[in-house]
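Engineer: The structure under discussion is supplied below as structure tokens; questions concerning it will follow.
The values are calculated or read from the model by the stated rules, or taken from the named source; none is laboratory data. The structure displayed is predicted, hence computed values, not measured ones. Cβ sites come from the backbone with ideal geometry, for glycine too, and all protein chains shown count toward neighbours. Please note that ligands, DNA and RNA were not included when accessible areas were found on the heavy atoms of the full protein model with its side chains. Shrake-Rupley method; radii C 1.70, N 1.55, O 1.52, S 1.80 Å.
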Amino acid sequence: MILGFTGHRPASLSGSYSDRTNRALLNTADFILAQYKPTKVISGMALGWDTAVAQSAIDRGIGLIAAIPFKSQSSKWPPHSQDRYQKLLDRAERIEIISSSDYSLQAMQQRNQWIVNYCDLLIALWHQDRSGTKNCVDYALAINRPTFNCWETFKYFYHYS
């Protein structure tokens, strides 16, 4: 089974990317991977949920497919986030660069659609009505891809982290 993942960035999760948020993301990802036991994981490799899933997959020995929306995705991130991103990419089983352009909403949506098209089940960390994550979930539902929202699981781990 191939799991695809989509989710909010740190600011949309708890207002900041604190150690507590990071622990809750990693614990949520680890819990989901333990429950579903996928053979591969597709991550969009954005800060927050995507990179937590990528880290958990690598830690569990699950093949990571990094679906990058455009080559310079991490170029405006803080240096420590860029380093972490590169270490994850170095351990990915496969890297798929979806768009040859730079940042655009279209490149982000193309990446979302690629994840959905190549997964068996989409796992979303989602709680906002207007977001790229919602667009990804809407696309998955439109093509009848099974989808699970793990927001309540994240809230549990955030509360007890």
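Engineer: Can you name every residue in region 129-145 that is open to solvent by less than 70 Å² (accessible area, probe 1.4 Å) and over 17 Å from residue 47 (Cα atoms)?
Structural biologist: 137, 138, 139, 140, 143, 145
Engineer: Any residue at all in region 133-144 that's small (Gly, Ala, Ser) and either part of a strand (DSSP E or B) or at pLDDT below 95 (or both)?
Structural biologist: No, every residue in region 133-144 fails to be small (Gly, Ala, Ser) and either part of a strand (DSSP E or B) or at pLDDT below 95 (or both).
Engineer: Further question: Applying the selection to region 83-100, what residues are surrounded by 13 or more Cβ atoms within 10 Å (Cβ to Cβ) and hydroxyl-bearing (Ser, Thr, Tyr)?
Structural biologist: Those that are surrounded by 13 or more Cβ atoms within 10 Å (Cβ to Cβ) and hydroxyl-bearing (Ser, Thr, Tyr): 85, 99.
Engineer: Only one residue in 110, 106 is more than 25 Å from residue 30 (Cα to Cα), open to solvent by 60 Å² or more (accessible area, probe 1.4 Å), in contact with a strand residue (DSSP E or B) (Cβ under 7 Å, 6 or more places away or on another chain) and assigned to a helix (DSSP H, G or I), so which one is that?
Structural biologist: Going through 110, 106 in turn, just one is more than 25 Å from residue 30 (Cα to Cα), open to solvent by 60 Å² or more (accessible area, probe 1.4 Å), in contact with a strand residue (DSSP E or B) (Cβ under 7 Å, 6 or more places away or on another chain) and assigned to a helix (DSSP H, G or I): 110.
A quick yes/no check of all residues on (1) on the phi > 0 side of the Ramachandran plot; (2) out of contact with any strand residue (DSSP E or B) (no Cβ under 6 Å at 6 or more places or on another chain):
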residue: 45; (1), (2): yes, no
residue: 48; (1), (2): yes, yes
residue: 51; (1), (2): no, yes
residue: 54; (1), (2): no, no
residue: 61; (1), (2): yes, yes
residue: 66; (1), (2): no, no
residue: 69; (1), (2): no, no
residue: 78; (1), (2): no, yes
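Engineer: Could you grab the pairs with beta carbons closer than 7 Å, sequence gap of 6+ or different chains, first residue in region 16-39 and closer than 16 Å to residue 151 by Cα, second one assigned to a loop (DSSP other than H, G, I, E, B) and open to solvent by less than 90 Å² (accessible area, probe 1.4 Å)?
Structural biologist: Once the first residue is closer than 16 Å to residue 151 by Cα and sits in region 16-39, its partners that are assigned to a loop (DSSP other than H, G, I, E, B) and open to solvent by less than 90 Å² (accessible area, probe 1.4 Å) give 20/161; 23/161; 24/161; 25/48; 27/161; 28/150; 32/150; 33/62.
Engineer: Within region 60-77, is even one residue open to solvent by 80 Å² or more (accessible area, probe 1.4 Å) and either touching a His at 6+ places or on another chain (Cβ under 9 Å) or part of a helix (DSSP H, G or I) (or both)?
Structural biologist: Checked region 60-77: no residue is open to solvent by 80 Å² or more (accessible area, probe 1.4 Å) and either touching a His at 6+ places or on another chain (Cβ under 9 Å) or part of a helix (DSSP H, G or I) (or both).
Engineer: Of the residues in region 120-151, how many are in contact with a Leu (Cβ under 6 Å, 6 or more places away or on another chain) and either of a type in the set (A, V, I, L, M) or under 26 Å from residue 71 (Cβ atoms) (or both)?
Structural biologist: Going through region 120-151 one residue at a time, the tally reaches 3.
Engineer: Moving to a separate point now. Just to be sure before I move on: is residue 56 assigned to a loop (DSSP other than H, G, I, E, B) and of a type in the set (Gly, Ala, Ser) in the structure I sent?
Structural biologist: Considered against the rule, which asks whether it is assigned to a loop (DSSP other than H, G, I, E, B) and of a type in the set (Gly, Ala, Ser), residue 56 comes out as no.
Engineer: Could you tell me which of the residues 29, 46 is under 11 Å from the mean Cα position of the chain (by Cα), aliphatic (A, V, I, L, M) and assigned to a helix (DSSP H, G or I)?
Structural biologist: One residue alone meets the criteria, 29.
Engineer: Give region 63-78 a look and list any residue that's farther than 13 Å from residue 45 by Cα and at pLDDT 95 or above, or say none.
Structural biologist: Once the filter is applied, which keeps residues that are farther than 13 Å from residue 45 by Cα and at pLDDT 95 or above, region 63-78 yields only 63.
Engineer: Go through region 40-74 and report how many residues are over 19 Å from residue 113 (Cβ atoms) and out of contact with any Leu (no Cβ under 9 Å at 6 or more places or on another chain).
Structural biologist: 4
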